[in-house]
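Heads up, the thing below is written out as structure tokens.
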Amino acid sequence: MSTSALQRTLVFLYLGIDMVCFAICIFLVARLNVEKHLDADHDAILAHADHDAILAHQKAQVLAEGGTWVDPAERARLEQEEADKEAEEARVQELEETCRRKGLDFAKENEKYLARREKQKNAPLAGRTEKKKSRESLRTEQKGSCPSGTTKDPGRAAISCEGAVFLLFSW
């Protein structure tokens, strides 16, 4: 094969195949017609998605089979409680094994874990109240010690202290 023929072949492979692929993609995208049927599909879904009718049908089916009907929300709550109980049992078992291996006191380690978990559970609530308190204390401290000016927006007051500008929002 001569170098010019090789060069033409490589140019075709480099550019020609890309062009062919782009042409195929353009053809496929041009034939894409999802939007044309979107409204009809949406209406069909809504027609079949009557939640109360579905629940009534499921309840009738369960009662016809001789079972007891449990509301889906209640069933989800019971399943979550069961999953939480299993997870706690697995955690206790794992902690017992770890304490046995390392020679630690299970009661102390379990108490530490429970205290840490309780602290994490209450942390988001405490964080919000601390933010609110710090924001209020910042406002009172700044209002008393700094000269204040107002911006064009009546909902904001700009307070300048030692070169820093604080925007306080009055909600």
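Any read-out appearing in this document is the output of simple, stated calculations on the displayed coordinates, not a laboratory observation. Every value quoted in this text rests on a predicted model; they were computed, and no experiment measured them. Positions of Cβ are generated from backbone atoms using ideal geometry, with glycine treated the same way; all protein chains shown enter the neighbour counts.
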Just name one of Leu55, Leu13, Ile24: the one whose Cα is farthest towards the positive end of the charge dipole of segment 1-96 (beta-carbon charges, Lys/Arg +1, Asp/Glu -1). Leu13
Name the shape class, rounded, prolate or oblate, that the alpha-carbon gyration tensor gives for segment 1-108, where a ≥ b ≥ c are the square roots of its eigenvalues, rounded holds for a/c under 1.5, and otherwise prolate holds if a/b is larger than b/c and oblate otherwise. oblate
Summing +1 per Lys or Arg and -1 per Asp or Glu among the other residues with Cβ less than 14 Å from Phe106's Cβ gives 0
So for Phe22, Phe106, fewest C-beta neighbours within 10 Å to most, what's the order? Phe22, Phe106
Point-charge dipole on Cβ atoms (K/R +1, D/E -1) for segment 34-115, about Cα centre, debye to 20: 440
Can you work out ³J(HN,Hα) from phi for every residue in segment 71-83, in order, using Karplus 6.51 cos²θ - 1.76 cosθ + 1.60 and θ = phi - 60°, giving whole Hz and x for Gly and Pro? 4, x, 5, 5, 4, 5, 5, 5, 5, 5, 4, 5, 5
Can you check what the net charge comes to around Arg116, using other residues whose Cβ is under 14 Å from the Cβ of Arg116 (Lys, Arg +1; Asp, Glu -1)? +3
Förster-model FRET efficiency, 45 Å R0, Asp105 and Arg77, C-beta, rounded to 0.05: 0.80
Give me the number: length gained by fully extending Ala64 to Tyr113, i.e. 0.36 nm times residue separation minus the C-alpha to C-alpha distance, one decimal in nm. 12.9 nm
